1. Only one residue in L386, L395, L400, L373 is closer than 29 Å to S27 by Cα and surrounded by fewer than 23 Cβ atoms within 10 Å (Cβ to Cβ). Which one?
2. When you check E106 against the structure, is it assigned by TED's automatic domain parsing to the domain that holds I417 and free of Cβ contacts under 8 Å to residues at least 40 places away in the same chain, yes or no?
3. If you go through the range 329-344 one residue at a time, how many are surrounded by 15 or more Cβ atoms within 10 Å (Cβ to Cβ) and not in a helix (DSSP H, G or I)?
4. If Q262 satisfies every condition in (1) within 20 Å of K186 (Cβ to Cβ); (2) under 20 Å from the mean Cα position of the chain (by Cα); (3) not basic (K, R) but one, which is the exception?
5. Filter the range 268-296 down to residues that are of a type in the set (S, T, Y) and surrounded by 11 or more Cβ atoms within 10 Å (Cβ to Cβ) and give me whichever is nearest to V182 (Cα to Cα).
6. Regarding the range 247-257, can at least one residue be identified that is out of contact with any strand residue (DSSP E or B) (no Cβ under 9 Å at 6 or more places or on another chain), hydroxyl-bearing (S, T, Y) and either assigned by TED's automatic domain parsing to the domain that holds K198 or buried (at least 19 other Cβ atoms within 10 Å of the Cβ) (or both)?
7. Name the residues in the range 63-100 that are of a type in the set (G, A, S) and touching a residue at least 60 places away in the same chain (Cβ under 8 Å), would you?
Amino acid sequence: MSKILVVGAGKSSTWLIKYLLQHAASSKWSVTVADGNAKAISEKIGDSQHAKAAVCDITSKSERQALVKDADIVLSLMPPQLHALLAADCLEFKKNLITSSYLSPEIKEMDAKAKESGLLFMCEMGLDPGIDHMTANHIIHSIQRVACILENFSSYCGGLIAPESDDNPWHYKFSWNPRNVVDAGKSGGTYLLDGTEKHVDYSDIFRNNAQISVDTVGNLAWYANRDSLKYLTTYDIPDATTFLRATLRHPDFCLGWNELVQLGATDSAKGPAESAQTYGDWMGGLSNYSDSSKSLSDHVCSRFPDVERNKLKGMFEGLGLFNGTPLPASRNSHGDILLSLLENKWAMQPDDRDMVVMQHEVAYTHRGRANSLKSSLVVKGETRELSAMAKCVGLPMGILARIILGNRLKMPTGVQIPVMPAVYRPVLNELAHYGIEFFDVQS
């Protein structure tokens, strides 16, 4: 019997655990789910005879290592900074590892030792990063096989609320870690546009965002996702003059979020004055409000252009940013205050449906003729628990684990991300059976 250790029972784990337990009997697996929250584990594993709960502190070396030592493979859905702890344990006890987060410098340094031990540490095996890498390289390799020159490659992805559950003026609800949403864009964005390297600072990343059109969805705004250029070599497209990885949001979201950034409401390094006791006090401090002849809302919104003023005023009032509600106890920073507010305002209801949208746009030349390709994915969740986000993050991890444990893969070794055909072909094929499938338009 193979023993699988899943570390993390949060929002993104639902479909992963569901998939593993569906195949546990036929594959002869025992699945241990580890988390600090016993209730979260119980909700995910139910009464399955193939699952075990491990309530633990993942930062405790002894508790963590006992679980890793007993496993055959480790799947981590923990916050990014904790993957490295598990990776070190996997090196020590010779276990393969799959994570859904961006490859960190700490794990990258383990590449040589992982190769020496014949281990695979597959990082970025979720949605974005993950499905984006697999589908992008499927497209790129298909184009390269027929001797085409690929000049432009842009990839966009967003976790959004489905139209039927869109009932707030920000057009957004949390389908994944809320902290990551509040911190999104803080590292800025770097990409290649028409042969010129572009860098956008955090202060400008939500300002005047360009838009793309997605079939069946409509227009969505995008902002550059971290450093796109580090993937140019990995994707092996040396002739590309445009190379972009970007995040999608509703245009109104970017409009409003830019104003929160400009006010300093997302700042995780600074906090409010001790005298600030309510959300209105907080906003007054951020906006330097002192003219009592004008309402706080009019003062804050006077900074907005006329054409946007009423819309933004409604968005801010809808969050309760001008009222007398007391600030939360956890008020260490402006970002903490905002997070506490949004966790309530943007919480998905049990029957709400989220939506994952991804689109690749490619331009290439074949025998002197210019061609373009648009490849699009739209996946809707079923409920809050069975979300599209959890489906797209968890299923790639589960499918790869099944392939590895079934010895159906000539396994690469070392620290990797899923850009090789031996990995992306079988994973994408199975994802299509779950409705995670791209549709192409060629011109």
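1. Values: L395 fails: surrounded by fewer than 23 Cβ atoms within 10 Å (Cβ to Cβ); L400 fails: surrounded by fewer than 23 Cβ atoms within 10 Å (Cβ to Cβ); L373 fails: closer than 29 Å to S27 by Cα.
Unique residue meeting the criteria: L386.
2. On the way: assigned by TED's automatic domain parsing to the domain that holds I417: yes; free of Cβ contacts under 8 Å to residues at least 40 places away in the same chain: yes.
Criteria met by E106.
3. Final tally of qualifying residues: 2.
4. (2)
5. Residues of the range 268-296 that are of a type in the set (S, T, Y), as a first pass: 268, 275, 278-279, 287, 289-290, 292-293, 295.
Right, trim to surrounded by 11 or more Cβ atoms within 10 Å (Cβ to Cβ) and you get 268, 278-279, 287, 289, 295.
On the way: S268: 9, T278: 20, Y279: 17, S287: 19, Y289: 24, S295: 27 Å.
Out of the qualifying residues, it is S268.
6. Looking only at the range 247-257, we keep the residues that are out of contact with any strand residue (DSSP E or B) (no Cβ under 9 Å at 6 or more places or on another chain), and these are 256.
Narrowing the set further to residues that are hydroxyl-bearing (S, T, Y) leaves none.
The answer is no, given that none of the residues of the range 247-257 is out of contact with any strand residue (DSSP E or B) (no Cβ under 9 Å at 6 or more places or on another chain), hydroxyl-bearing (S, T, Y) and either assigned by TED's automatic domain parsing to the domain that holds K198 or buried (at least 19 other Cβ atoms within 10 Å of the Cβ) (or both).
7. Let us first name the residues in the range 63-100 that are of a type in the set (G, A, S), namely 66, 71, 76, 84, 87-88, 100.
Result: A71, S76, S100.
Here's the yes/no breakdown for (1) in a loop (DSSP other than H, G, I, E, B); (2) at pLDDT 95 or above; (3) assigned by TED's automatic domain parsing to the domain that holds Y102; (4) buried (at least 20 other Cβ atoms within 10 Å of the Cβ):
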| position | (1), (2), (3), (4) |
| --- | --- |
| S155 | no, yes, no, yes |
| G158 | no, yes, no, yes |
| E164 | no, yes, no, no |
| D167 | yes, yes, no, no |
| H171 | yes, yes, no, no |
| L220 | no, yes, no, yes |
| Y223 | no, yes, no, yes |
| K230 | no, no, no, no |
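The values are calculated or read from the model by the stated rules, or taken from the named source; none is laboratory data. Bear in mind the structure is a predicted one, so any value in this text is a computation, not a measurement. Every residue, glycine among them, receives a Cβ derived from its backbone with ideal geometry; neighbour counts consider all protein chains shown.
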